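In what follows, a single structure is set out as C-alpha cells and then discussed.
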Amino acid sequence: MNILTDYDKTQLRQYITEKYRVKPFVADQIFGWVLKGADFHEMTNVSLALREKLSADNLTTGISIIDTRTSAVDGTQKFLYRLWDGNVIEGVLMKYKYGNTLCVSTQVGCRMGCRFCASTLDGLIRNLSSGEILGQVIAVNSLGGGERYVTNIVLMGSGEPLDNFDNVVKFIKDVSSPEGLNISQRNISLSTCGLVPEMDKLSQLGLSVNLTISLHNASDEKRRLIMPVANKYSVSEIAESARKYFEKTHRRVIFEYTLIDGNNDSYGDALRLASVVRNMSAHVNLIRLNPVKERHLRATSDANAKKFLSYLEKAGVSATLRRQMGVDIDGACGQLRRKFMEENAVE
Ligand code: SAH
C-alpha cells in the first residue's frame with residue numbers, strides 16, 4: 001500500500017512526477033500538504049483531477065481513529081486507531097495547562113517482554129512505518145480541529161521506539177520539520193527500556209529530543225526479574241550511555257521508575273537508584289504501577305511512594321512522583337494494548 005507520509009521529499013517528487021506526469025513543484029506542494037496532515041480534498045492548489053487520482057491510488061497516512069474514550073477523572077482521551085491492514089493500536093492524549101501531549105505508539109505490540117506491561121502481552125506483531133507514527137498525530141489534530149492541537153509528543157505508547165530505529169528517526173524529523181507540523185524536538189520525548197547501542201546511535205544524530213529511560217531497578221539482578229532486556233545491557237552501561245546522550249545533546253535525561261510493591265520500593269532500592277543517577281544531569285520520574293489484569297504485580301501504596309521520593313531527595317536526586325492519568329480508561333502507562341473494543345465486547 002502506498003502511504004504518502006512514508007516518503008521523503010526526494011522520493012515523493014520522483015514518485016509523483018513519474019506516475020502522474022506533473023511538474024516537480026506540484027509534487028513538492030503535495031509533500032507539504034501531506035506532512036502537515038491534509039487530506040487529498042484539502043489540497044486546494046492541486047487540480048481536482050489530480051486530487052482524485054491521488055486519492056484513488058494512495059493513502060495519506062493509512063490510519064484513522066475508530067473509537068475514543070474520555071476519562072471522567074482528568075479528561076485524558078484514549079484513541080483506538082485502525083491501520084490500513086486491519087491492525088489496531090492505541091494512543092492517549094493528556095491535556096495540561098501548557099498544551100496537549102500525545103502519547104504515540106511505534107510498534108503493533110512489543111517484543112521486550114517487560115513483566116508489568118500490557119503492550120508486550122502478544123509479542124511484536126509489526127513495526128509501524130514513520131508515516132503511520134506521524135498519522136497518529138495527524139488524526140488527533142484533525143479531531144481537535146487544527147494543525148497545532150497536539151503540542152507535545154511522547155513516544156511512550158506500545159512498542160520499543162529504538163527497536164524500530166529508522167522509522168522513529170524519520171518520524172521525529174518529519175513531525176518537527178518546518179514544512180510540516182513543526183513541533184519542536186524539545187517538545188518530543190523518546191522512551192526506551194535501555195537498548196544501549198541504539199541510544200548511542202541516537203546521540204550521534206544531532207537531534208534535540210528528550211531521552212527517557214525505563215529503569216525500574218538499579219540492581220542488574222533484580223532488574224532482570226522484571227525486564228528481560230536487562231540480560232543484555234547492564235545498568236552501568238545504560239548510565240554511561242545516558243551520560244553520553246547528555247554530553248552530546250545537553251538535554252537532561254529522565255529515568256522512569258515504576259514503583260512495584262515489595263519489588264523495587266525499599267530504602268535500599270532508593271539508595272541504589274540514587275547512586276546511579278546522582279552524579280549525572282538526570283531526573284527521576286516515579287510512578288506507581290498501573291494495574292494490568294494479566295499481571296500479578298501490585299502498586300506500591302501512596303504513602304510508601306512518597307517515602308521513596310523523600311529517600312531520593314535526601315540522597316540529592318532530583319525526582320518527582322507523577323500523578324497517574326487516564327487510569328479509569330486503561331490509558332495510563334503500560335496499559336496500552338492492541339484491542340480494547342474486542343475485550344469490552346467479551347466482558
Ligand atoms: N518501550 C519503551 C516505551 C514504552 S513507554 C520503554 O520501555 O520505555 C511506557 C512506560 O510505561 C515505560 O516507562 C514502561 O516501563 C512503563 N510501564 C509499563 N507498564 C507499566 C505499568 N503497568 N505501570 C506503570 N508504568 C508502566
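The values are calculated or read from the model by the stated rules, or taken from the named source; none is laboratory data. Since we're looking at a predicted model, the values are computed, not measured. Cβ sites come from the backbone with ideal geometry, for glycine too, and all protein chains shown count toward neighbours. Side chains are part of the model used for accessible areas, which takes the heavy atoms of the whole protein and leaves out ligands, DNA and RNA. Shrake-Rupley method; radii C 1.70, N 1.55, O 1.52, S 1.80 Å.
Considering amide H positions built from the backbone, and no H for Pro or chain starts, which residues 5 or more places from D67, or on another chain, come under 5 Å of its amide H?
L80
Compute the length gained on full extension between E237 and S310: take 0.36 nm times their separation in residues and subtract their Cα-Cα distance, giving the result in nm to one decimal.
My answer for the length gained is 23.6 nm.
Can you tell me the order of 267-274, 256-263 when each peptide is scored by its average per-residue count of other Cβ atoms within 10 angstrom, highest first?
256-263, 267-274
Determine the relative contact order of the chain: mean sequence separation of Cα pairs under 8 Å and six or more apart, normalised by residue count, in whole percent.
That works out to 16 percent.
Report the Cα-based extents of the chain along its three principal axes, largest first, to the nearest Å.
If we take the Cα atoms of the chain, the spans are 68, 49, 37 Å.
In Å³ and rounded to a whole number, note down the convex hull volume per residue for the Cα atoms of the stretch 186-297.
103
Given a 1.4 Å probe, how much area per residue of the stretch 1-159 is accessible, in Å²?
43
Taking the Cα centre of the stretch 139-200 as origin, work out the dipole magnitude from +1 charges on Lys and Arg Cβ and -1 charges on Asp and Glu Cβ, in debye rounded to 20.
Dipole about the Cα centre, nearest 20: 300 debye.
Between the alpha-carbon centers of the stretch 54-132 and the stretch 148-219, tell me the distance in whole angstrom.
15
Work out from phi, with θ = phi - 60° and the Karplus expression 6.51 cos²θ - 1.76 cosθ + 1.60, the ³J(HN,Hα) of each residue of the stretch 92-107, listed in order in whole Hz, and give x for Gly and Pro.
Result, rounded to whole Hz: 9, 10, 10, 9, 10, 4, 7, x, 10, 9, 9, 8, 10, 8, 10, 9.
Give a residue-ordered list of calculated ³J(HN,Hα) values for the stretch 146-159 (Karplus: 6.51 cos²θ - 1.76 cosθ + 1.60, θ = phi - 60°; whole Hz; x for Gly, Pro).
Using θ = phi - 60°, the values come out as x, 4, 9, 5, 7, 9, 9, 10, 10, 8, 9, x, 6, x Hz.
Using +1 on the beta carbon of Lys and Arg, -1 on that of Asp and Glu, and nothing else charged, what's the dipole of the chain about the Cα centre, debye to 20?
760
Using a 1.4 angstrom probe and counting only protein chains, how large is the accessible area of W33 in Å², to 10?
70
Tell me the net charge near S191. Cut-off is 11 Å between Cβ atoms, S191 excluded, with +1 for each Lys or Arg and -1 for each Asp or Glu.
-2
Past the 26 Å Cα-Cα mark, which pairs from K23/K201; K170/K293; K78/K307; K173/K244; K201/K232?
Where the Cα-Cα span goes over 26 Å, the pairs concerned are K23/K201; K170/K293; K78/K307.
Give the long-range amide H neighbours of V154: residues separated by 5 or more places, or on another chain, with amide H under 5 Å away, using H modelled in the peptide plane at 1.01 Å from N.
Those lying under 5 Å, H to H, from V154 are L102, C103, V104, S189.
Taking θ = phi - 60°, what integer Hz values does the Karplus form 6.51 cos²θ - 1.76 cosθ + 1.60 yield along the stretch 323-329, in sequence order, with x for Gly and Pro?
Computed from phi, the couplings for the stretch 323-329 are 7, 7, 10, x, 5, 5, 10 Hz.
For S214, list long-range residues whose amide hydrogen, built 1.01 Å from N in the peptide plane, is under 5 Å from its own amide hydrogen.
T192, C193, G194, E256
Per residue, how much accessible area does the stretch 161-220 have with a 1.4 Å probe, in Å²?
Spelled out: the 1.4 Å probe surface of the stretch 161-220, per residue, equals 31 Å².
Put +1 on the Cβ of each Lys and Arg and -1 on the Cβ of each Asp and Glu in the chain; which of P228, T151, Y98 then has its Cα farthest toward the positive end of the dipole?
After comparing all options, I get Y98.
Can you tell which of Q185, F171, L202 lies farthest toward the positive end of the dipole of the stretch 160-210, using +1 and -1 charges on the Cβ of basic and acidic side chains (Lys, Arg; Asp, Glu)?
Q185
Taking C-beta distances below 4.7 angstrom as the pairing criterion, name the unpartnered cysteines of the chain, in sequence order.
Among the cysteines of the chain, those whose Cβ sits 4.7 Å or more from every other are C103, C110, C193, C333.
In the chain, carbon and sulfur make up what percent of the accessible area (probe 1.4 Å)?
With neighbouring chains kept in place, the figure for the chain is 49 percent.
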